[in-house]
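Some notes on the structure that comes next.
The values are calculated or read from the model by the stated rules, or taken from the named source; none is laboratory data. In this text, all values refer to a predicted model and were calculated from it rather than measured experimentally. Reconstructed Cβ throughout: ideal geometry from the backbone, glycine too, with neighbour counts over all protein chains shown. Keep in mind that these areas ignore ligands, DNA and RNA; they rest on the heavy atoms of the full protein, side chains included. Shrake-Rupley method; radii C 1.70, N 1.55, O 1.52, S 1.80 Å.
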Amino acid sequence: MFAYYLDLAWHSLRRNPILTALMVLAIGLGIGASMTMITVLHVLTDDPLPGRSSQLFTPHLDPLPLNYKQGGDSPDAADNVTWPDAMALLKAHRAERQAAMAGGTLLVRPARADLRPFNVDGRYATADFFAMFGMPFEHGQSWSAADDAARAHVVVLSDTLYRKLFGNGSGIGQDVRLGEHDFRVIGVTADWQPKPMFYADPGAQHYSDVDQFFLPLSAAVDLKLSTNGNQSGWGKNDDSTSLTGATMTWLQFWVQLNSPAQAQAYRQFLVDYSAQQKAQGRFERPSTDAKLYSLMGWLKHENLVPNDVRLQLWLALGFLFVCMVNIVALLLAKFLRRSSEISVRRALGARRRDIFLQLGIESALIGVAGGVLGLVIAQIGLWSVRHRPDDYAQLAQMDMPMLLGTLALAIIASVVAGLLPAWRACRVQPALQLKTS
Amino acid sequence: MEIRPIFASLRKHRIPAILIVLEIALACAVLCNAVFMIGKRIGDIQIPNAIDERGLSVVVLNGTDPKLAASDIPRNIAALRTIAGVQSVGVTSTLPLSRNNWGWSFGLKSDSAMTDKNTFNVSLYFLGVGADQTLGLQLKQGRFFNADEYADSTLGGSALPSAHVVLVTESLAHQLWPDKAALGQSIYSKPYYYTVVGVVADVVRPQASIHSTQRSYASTFYPLQPDATLGYYLLRSAPHDRARIVRAAEQKLGEINPAAVAKGKTFDDIRGQYFADMSSMAWMLVLVCVVMLAVTAFGIVGLTSFWVAQRRRQIGIRRAVGASRGDILSYFRTENFLLTGMGVVLGMALAFGINIYLMHHYEMDRMPWYYLPASAVALWLLGQLAVLGPALRAAAVPPVVATRSV
């Protein structure tokens, strides 16, 4: 029976090619626009480190004085950590692994004569950074806690920068000139680009920035290397802009906690630490303000998805809705036009249910065609998003679940759109119709 | 034109009629808000900026030795002056819309400190000698800095220059001293203080505020002797010379500073890059609006065609008993007019509601009232245009159809 209805639907759609084309086009456009934006939102809210993210947390202390004035357009000053707090948390060693970090841009002065100096982004971090985030190494290894303590001038390069500087030769053990100082290359990581770059400063371009080098935070502070990101200070003295001062937040801090019990214990530790700081008079706010964010919770708190993307999604869904109303109207017109045909079938013994099924299959067929068209349009849409200047542009790709989701959404939308017209059509009074025609 | 028969007939086709009304209402609501967003973005993109944008190019020099700045900068400026077509050269610490913002908070009382609650945040522009001219700052009151003020002002590792003079923009002056002259007033941030010697026309901050235009103009200018923070080499020239001059300047600075990175662009590039995602969003909104209106129009065409086909016999009868082609035509046009009318009334209410929702959740402004009637008129015209084809076909139905059995 199904094959027969499919055949009937096919014939009926071919009888009215323009109307059919209009409906397929409408559903294709609506689905295409919606899926483009849903895909963009999907990649923007994706887990940057699947499998590892559930064990990663970031502490949130609040060292700001009570009368601190938050800048209108700038991010929350308490989103970052001060140097003394970061060092205290490192020393306490209460988590499985922990690392403090900050971003920086340095001028690379290549030894090769054919390369001009160029700027690269990288990260100043402490030793646990690599193991905690599970960074894959291609050559050599990371530095140790002893290197941190010694403020060693060592550097780990990304594969891209390593190849650029050393070509195919081996660079391990050689020096690289970054800014005004030489650093010894001790390791090379595979290109590792979690999207979004969850551990970066709230002001960073989380979807397009890539770290090309990593060097010990202690060395960076020692050499006063330039840092990226938001530095918010509240000190009264001239040393308030000193990196190691207690009155300026600029560092990010991440910890690895393997079980919920550990996370709970760490949360308590943060509250105790804040209470202790408050007792010493350094913190002014309640110690219970101290929080521990999970990785996904932190991304939510940071609200990285641009408002424009959400607005565009709403717009696309509104557009899909307009298209669906349109299809309902057109299908209604189409089905009611066939009242006499339906009446004949009814008079010959077809039940309402049969008519309903037949018309439903016809709607679904339109949905399949519209879904295929929608896929094409969504690919064009994503292609155009990739050519846009936004920092997430490169990520706009459709994966398999999204692909199948598009088809499913198209079929569901058209079947839902077909429900009302089909119901209306199968309630035609056969006797009346047959008599008038 | 009698409209009662139209209502009677619409009552018989209640579901399709409701669908058309609904579709037009949705289209109207989305259109209003989308056009409003487009307008807002176009306004943001064209934010006025009182410098000579059309003649300005810049080369950013990065990675020079800070200790040599005092000798390097005059040498670099002298070298740039030798490029043919360059009218003026100057150095600054940043540029409007460059996103390289150095902000600071000042108060109006002599004991104000940066972190006090009632301070106001401004952007700092440090100018080297001649930068005021190269930028094309427009003086409204007072004077520019004199040679001594440039020569005596140093940073020496601290955050703000040692000078005690400042230029402010008109908007900022008005905001800080609404009812007195700004000249001679001072701004304070312990231990620094600066006295206003001049007021210039509104220059945008390196990072425009998304919240208010007025705050986008909170710019202040300070003199500074050659210093490593002055990394923006500005070049002023005739607009058509800029591309050539940027390349020449980039090359020249690269040659005499082999260890540094020189990157040049015109001010148009800076503005273009700053607003790039905004303009791409505006284009995307335009596209959605056009496609949505097309879909709506096709929906009206499809449904009216169906009605015409269904009523062929009735139309024939009307024609046979004396209705002219014009009567039939105007019947369908009036019917569409009524349906669209109901649609836009509903749509305007919906558009208003959506605007309120967006205001609460997406920092959107209130939509001016005239967007509502404007989009209503647009949809009315669209409806009339879409119905014309099917209505003409209806008018062409010959009276003889009435006598034929189907």
Select from the stretch A:15-40 all residues whose loss of accessible area on going from the chain by itself to the full protein assembly reaches 20 Å² or more (probe 1.4 Å).
A:22, A:29
Express the relative contact order of chain A as a whole percentage, based on alpha carbon pairs under 8 Å and six or more residues apart in sequence.
28 percent
Stretch gain in nm, segment residue A:224-residue A:383, where the contour uses 0.36 nm per residue and the Cα spacing is subtracted:
53.0 nm
In short, the stretch B:360-406 residues buried by 50 Å² or more of accessible area relative to the isolated chain (1.4 Å probe) are B:362
Structure shown: which of A:224/B:117; B:117/B:140; A:195/A:300; B:117/B:190 lie over 19 Å apart, alpha-carbon to alpha-carbon?
A:224/B:117; B:117/B:140
Heads up, the stretch B:172-305 by the C-alpha gyration tensor (a ≥ b ≥ c square roots of eigenvalues; a/c under 1.5 rounded, else a/b over b/c prolate, else oblate) looks oblate
Just to verify a number: FRET efficiency for residue A:111 and residue A:192, C-beta to C-beta distance, R0 = 25 Å, to 0.05?
0.50
Packing-wise, with mean Cβ within 10 Å as the measure, how do A:169-179, A:30-40 rank, highest first?
A:30-40, A:169-179
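I need the calculated FRET efficiency for the pair residue B:177 and residue A:119, taking r as the beta carbon distance and R₀ as 45 Å, to the nearest 0.05.
0.60
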Quick one: work out Rg over Rh on the C-alpha atoms of the protein assembly as shown, Rh as Kirkwood radius.
1.07
Measuring from label point to label point, each 7 Å out along Cα→Cβ, what is the residue B:4 to residue B:286 span in nm?
5.0 nm
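Explain nothing, just the number: relative contact order of the stretch A:53-302, from Cα pairs under 8 Å at least 6 residues apart, as a whole percent. Please list the in-between numbers first.
Details: 490 pairs, mean separation 84.5, N = 250.
Here the relative contact order equals 34 percent.
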For the stretch A:316-335, which residues drop by 20 square angstrom or more in accessible area between the chain on its own and all protein chains together (1.4 Å probe)?
A:319, A:321, A:322, A:325, A:326, A:329, A:330, A:332, A:333
Ignoring ligands, DNA and RNA, how much accessible area is buried between chains A and B, both sides summed, with a 1.4 Å probe, to the nearest 100 Å²?
4200 Å²
On the protein heavy atoms, probe 1.4 angstrom, tell me the percent of accessible surface of the stretch A:309-349 carried by carbon and sulfur.
68 percent
Provide the FRET efficiency to the nearest 0.05 for the residue A:372-residue B:362 pair, computing r from the beta carbons and using R0 = 35 Å.
0.55
Checked the stretch B:28-156 with the C-alpha gyration tensor, a ≥ b ≥ c its square-rooted eigenvalues, rounded below a/c of 1.5, otherwise prolate if a/b is larger than b/c and oblate if not; verdict oblate
Take the solvent-accessible surface of the protein heavy atoms, probe 1.4 Å, and return the percent of it on the stretch B:64-259 that carbon and sulfur atoms account for.
52 percent
At 1.4 Å probe size, with every protein chain present, just tell me what the per residue accessible area of the stretch A:164-305 comes to in Å².
43 Å²
Counting Lys and Arg as +1 and Asp and Glu as -1 over every other residue whose Cβ sits under 9 Å from the Cβ of residue A:219, the net charge comes to -2
Extended-chain gain in nm, criterion 0.36 nm per residue less alpha-carbon gap, residue B:45 and residue B:151:
34.4 nm
So how far apart, in nm, are the two label points at residue B:159 and residue A:168 if each is 7 Å from Cα heading toward Cβ?
5.3 nm
In nm, to one decimal, how far is the modelled label at residue A:341 from the one at residue A:208, with both set 7 Å along Cα→Cβ?
5.4 nm
Return the carbon/sulfur percentage of the accessible area of the stretch A:53-302, one whole number, probe 1.4 Å, all protein chains in place.
48 percent
For the stretch B:208-270: rounded, prolate or oblate by the Cα gyration tensor [a/c cutoff 1.5]:
oblate
What do the square roots of 5 times the Cα gyration tensor eigenvalues come to for the stretch A:53-302, in whole Å, largest first, as semi-axes of the equivalent ellipsoid?
32, 20, 16
For peptide A:407-416, how many partner chain Cβ atoms fall within 10 Å of a residue's Cβ, on average?
0
Could you report the stretch B:52-173's accessible area per residue, 1.4 Å probe, as an integer in Å²?
42 Å²
